[in-house]
Amino acid sequence: MNKMEVLETDITQLKVDAIVNAAKNSLLGGGGVDGAIHAAAGPGLLAACKKLNGCATGEAKITPAYQLPAKFVIHTVGPVWRGGQHNEAQLLAACYRHSLQLALENGLRSIAFAAISCGVYGYPIAEACQIAVNEVRSFLASHEAIEEVIFVSFNRPVTQALLECLGKPE
Ligand code: AR6
């Protein structure tokens, strides 16, 4: 059964067990998808994030989702693209792996990822999408409990790259 899909939509609208935010190390909010998630979730989310003491790049932390339709927000911090020789690929893969691990530990079954590092952090889109799909695919192969993983895109290039990685080019 194929548990992975691509949706071109605003991640804040999704009613899943967890949405995954592309956060920054402080976890204190920012622009892009992070700003959209905080705006839609309301001030409770920032208050919860303040208690987490930040998050290292490649790691993930979980909070409730407050006013969002999702139940939880998993905050992960992707690498800033610095040319590819600074462990970026390993760190980006770790974001997906650690987010899924957190979902599993919390008994969550459906999870929607933003395209981590694909905006302000400048990761080349085709490479980032390949890492995302590879990491999720290999995690799902060994963890039955996760039932649905949605890759959320907010623009055509990311949608097309994800569909190609999943073997469903438009
Ligand atoms: N729903 C889904 N995807 C979105 C949405 C949305 N509402 N808004 C933007 N995207 P970015 P990064 C897409 O820059 O590169 C923040 O300021 C967007 O089109 O949000 O990991 C943080 O605080 C892009 O494809 O995250 C950090 O400082 C993807 O989300 C920094 O940006 C990620 O873009 C993190 O940079």
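General observations
- Filter result for residue 120 (assigned to a helix (DSSP H, G or I), near the ligand (Cβ under 9 Å from one of its atoms) and out of contact with any Ser or Thr (no Cβ under 7 Å at 6 or more places or on another chain)): no
- Residue within the range 3-20 that is basic (Lys, Arg) and in contact with a helix residue (DSSP H, G or I) (Cβ under 7 Å, 6 or more places away or on another chain) present: yes
- Qualifying positions in the range 132-162 - buried (at least 16 other Cβ atoms within 10 Å of the Cβ) and within 13 Å of the ligand (Cβ to nearest atom): 132, 150, 151, 152, 153, 154, 158, 159, 160, 161, 162
- Selection count where residues are in contact with a Leu (Cβ under 7 Å, 6 or more places away or on another chain) and either surrounded by fewer than 17 Cβ atoms within 10 Å (Cβ to Cβ) or among the hydroxyl-bearing types (Ser, Thr, Tyr) (or both), scope the range 55-72: 4
- Which numbered condition residue 112 misses (of (1) farther than 10 Å from residue 20 by Cα; (2) part of a strand (DSSP E or B)): (1)
- Number of the condition not met by residue 15 [criteria: (1) within 25 Å of residue 91 (Cβ to Cβ); (2) under 16 Å from the mean Cα position of the chain (by Cα); (3) surrounded by fewer than 17 Cβ atoms within 10 Å (Cβ to Cβ)]: (1)
- Scan of the range 10-20 for residues that are near the ligand (Cβ under 7 Å from one of its atoms) and either touching a strand residue (DSSP E or B) at 6+ places or on another chain (Cβ under 7 Å) or assigned to a loop (DSSP other than H, G, I, E, B) (or both), ordered by number: 10, 11
Results for (1) within 15 Å of the ligand (Cβ to nearest atom); (2) at negative phi; (3) at pLDDT below 95; (4) buried (at least 18 other Cβ atoms within 10 Å of the Cβ), shown as yes or no for each residue.
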position	(1), (2), (3), (4)
25	yes, yes, no, no
40	yes, yes, no, yes
47	no, yes, no, no
53	no, no, no, no
95	yes, yes, no, yes
128	yes, yes, no, yes
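- Residue in the range 131-146 that is touching a Gly at 6+ places or on another chain (Cβ under 7 Å) and touching a residue at least 40 places away in the same chain (Cβ under 8 Å) present: no
- Residue match in the range 74-81 (condition: over 12 Å from the mean Cα position of the chain (by Cα), among the small types (Gly, Ala, Ser), within 13 Å of the ligand (Cβ to nearest atom) and assigned to a loop (DSSP other than H, G, I, E, B)): no
- Check on residue 57, part of a helix (DSSP H, G or I), among the hydroxyl-bearing types (Ser, Thr, Tyr) and within 15 Å of the ligand (Cβ to nearest atom): no
- All positions within the range 21-38 that are touching a helix residue (DSSP H, G or I) at 6+ places or on another chain (Cβ under 8 Å) and outside any loop (DSSP other than H, G, I, E, B): 21, 22, 33, 36, 37, 38
- Remark: residue 67 matches the filter, which requires a residue to be more than 13 Å from the chain's Cα centre (by Cα), within 21 Å of residue 35 (Cβ to Cβ) and modelled with pLDDT of 95 or more.
The values are calculated or read from the model by the stated rules, or taken from the named source; none is laboratory data. Quick caveat: nothing in here was measured; it's all calculated off a predicted structure. When we count neighbours, we look across all protein chains shown, and the Cβ atoms used for this are built from the backbone with ideal geometry, even at glycine.
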